[in-house]
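The values are calculated or read from the model by the stated rules, or taken from the named source; none is laboratory data. All figures in this text were calculated on a predicted structure; none of them were measured in a lab. Because the Cβ atoms are built from the backbone with ideal geometry, glycine has one as well, and the counts that use them run over all protein chains shown.
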Amino acid sequence: MTTVRAAAVVLTLGLASRLVAQEPSDSVLRRDLLRELVEINTSDSAGHTRNAAEAMARRLIAGGFPAGDVQVIGHDPRYQGLVARYRGSGAKKPILLMAHLDVVDARREDWSFDPYEFRELDGWYYGRGSSDNKAGAAMLVANFIRLRREGFTPDRDLIIALTADEETNGKSIAWMVGEHRDLVDADFALNTDGGGGELLKGKATTFTVQTAEKVYLSFQLEVRNKGGHSSVPARDNAIYRLSDGLGRLARFSFPVRLNETTRAFLLRSAPGRPVAEAADMRAVARTGDRRAARRLSAQPFGNALLRTTCVATRLSGGHADNALPQVARATVNCRMLPGHPADSVEATLRQVLADSGILMSRINQPRPSPPSPLRPDVMAPVERLAAEMWPGAAVVPEMSMGATDGLFTRNAGIPTYGVSAIFDDPNDVRAHGRDERVGVKAYHDAAEFWFRLVKSLAGQDLRS
């Protein structure tokens, strides 16, 4: 070996040793990544998802990933996400790991402090996106770096997809699976933005796995009238006519319809509920008992779990204080059960409104997605690891009432499982709200769960 080459090797080894010595611990890295993401304003009004994607790309490349396996891409220059691949042996089809970088807008005057300033206080990490969903993005990137550092070789490729517009229209993931399927194609997907853990009085009671989503569909209702002077009111009043129809809708409930996910949710959740409620949950799941379903439906969550729902969310009418209304309009938002056809829902609404003078039109086109099957090869490791980390917490399949990027991956034929693993008090959920936060312990525990789960699913048996 020449002197120059020997010197170069010594210098390289010296730099490498200093870099190793300077590598942060896993928990410090996770915190740093979350802080970095929170302090990049990725609300739709500000944009900057490209900045967040590029920041995570730099972290991965610095962690040893080839630049060719880390791509910042998007359907629009303003909406850029990241796709990163951890190469495996190829023995099995890849696993897709999902999170989103964008957040809901937050106003400084609504918060106790700047929402885009990361704070740690009293066992919480605060900041917009700290729980929805920058915690998920930070966990995935941190775990990739940790796996690389440990020299782990999976039996399949692992793919991270961080999207740019989940909170608005989901075009980012739709573009990825539609135009760049080769980058994200997988046997199944795990989504950090679904499921989660329930803490009641500080105790972990339920670990939910999101396997299905309701379908979003809004209608506009409109009544038109010739109007006139308010001093000579006519019986045919656009506002009254629309209100009468909305009153009939308010008194209507769609029939109970269960699927594999909701039936499993009722049966597995029952042991942790009060005796009477647990009996009703079992009765509905096993026999469809109507009286039990009526009692469960008295609570908003129970009602939404059991059936398609349609509710008035906006109302407007008239144009002057001294004129009869010529137009009255309302928006009705429906959350349809998977498999409930939109045409059937629309036909039912027309029957309920029972007035041909109430014109109804769709505001958006629904995107239904099939529930993901409860695959034993996915669910068994989830259940085993959840039992190890949160003993006594029931693992429960969940149908979410809202929508996630999982809608698009399910529709692309990629079964998707939301396993956030972040435990929180259901009575103090702050995602999209004031002073959003995630528990420090909850965040790091969830990251550890994901680390172990991915290793288990990618070829390493972690059973003791």
- prompt: ALA46 versus (1) modelled with pLDDT of 95 or more; (2) under 19 Å from GLY129 (Cβ atoms); (3) of a type in the set (A, V, I, L, M): which is the lone unmet condition?
  reply: (1)
- request: Return yes when ARG251 is modelled with pLDDT of 95 or more, crowded, with 16+ Cβ neighbours inside 10 Å and charged (D, E, K, R) and no when it is not.
  value: no
query: Out of the stretch 174-226, which residues are more than 23 Å from THR163 (Cβ to Cβ) and in contact with a Pro (Cβ under 7 Å, 6 or more places away or on another chain)?
result: GLU198, ASN225
query: Out of the stretch 365-397, which residues are of a type in the set (Gly, Ala, Ser), within 18 Å of GLY272 (Cα to Cα) and at pLDDT 95 or above?
result: ALA386, ALA387
query: On the given criteria, is ALA174 at negative phi and in contact with a helix residue (DSSP H, G or I) (Cβ under 8 Å, 6 or more places away or on another chain)?
result: yes
- prompt: From ASN143, ASN133, which residue is of a type in the set (S, T, N, Q), at pLDDT 95 or above, over 30 Å from ILE358 (Cβ atoms) and surrounded by 24 or more Cβ atoms within 10 Å (Cβ to Cβ)?
  reply: ASN143
field: strands (runs of 3 or more DSSP E) (entirely within the stretch 91-142) containing at least 1 residues that are aromatic (Phe, Trp, Tyr)
entry: 124-126
- prompt: What single numbered condition from (1) modelled with pLDDT of 95 or more; (2) surrounded by fewer than 19 Cβ atoms within 10 Å (Cβ to Cβ); (3) of a type in the set (Gly, Ala, Ser) fails to hold for ALA421?
  reply: (2)
Members of the stretch 234-273 that are assigned to a helix (DSSP H, G or I), under 24 Å from THR313 (Cβ atoms) and among the small types (Gly, Ala, Ser): ALA238, SER243, GLY245, GLY247, ALA250
query: Just one of the numbered conditions (1) in contact with a helix residue (DSSP H, G or I) (Cβ under 7 Å, 6 or more places away or on another chain); (2) assigned to a loop (DSSP other than H, G, I, E, B); (3) over 23 Å from ASP428 (Cβ atoms) is not true of GLY194; which one?
result: (3)
statement: The one condition SER356 fails out of (1) in contact (Cβ under 8 Å) with a residue 24 or more places away in the chain; (2) out of contact with any Leu (no Cβ under 8 Å at 6 or more places or on another chain); (3) surrounded by fewer than 21 Cβ atoms within 10 Å (Cβ to Cβ); (4) farther than 25 Å from GLY272 by Cβ is (1)
task: Tell me, please, whether a residue that is surrounded by fewer than 16 Cβ atoms within 10 Å (Cβ to Cβ), in a strand (DSSP E or B) and touching a helix residue (DSSP H, G or I) at 6+ places or on another chain (Cβ under 8 Å) can be found in the stretch 216-227.
output: yes
message: Just to be sure before I move on: is GLY90 at pLDDT 95 or above, under 24 Å from ASP182 (Cα atoms) and not β-branched (Val, Ile, Thr) in the structure I sent?
response: no
- request: Restrict the check to the stretch 371-386 and report whether at least one residue is under 27 Å from VAL103 (Cα atoms) and buried (at least 22 other Cβ atoms within 10 Å of the Cβ).
  value: yes
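Yes/no per residue for (1) surrounded by fewer than 24 Cβ atoms within 10 Å (Cβ to Cβ); (2) of a type in the set (Ser, Thr, Tyr); (3) in contact (Cβ under 8 Å) with a residue 12 or more places away in the chain:
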| position | (1), (2), (3) |
| --- | --- |
| ASP76 | yes, no, yes |
| SER89 | yes, yes, yes |
| LEU97 | no, no, yes |
| LEU101 | no, no, yes |
| VAL104 | yes, no, yes |
| TRP111 | yes, no, yes |
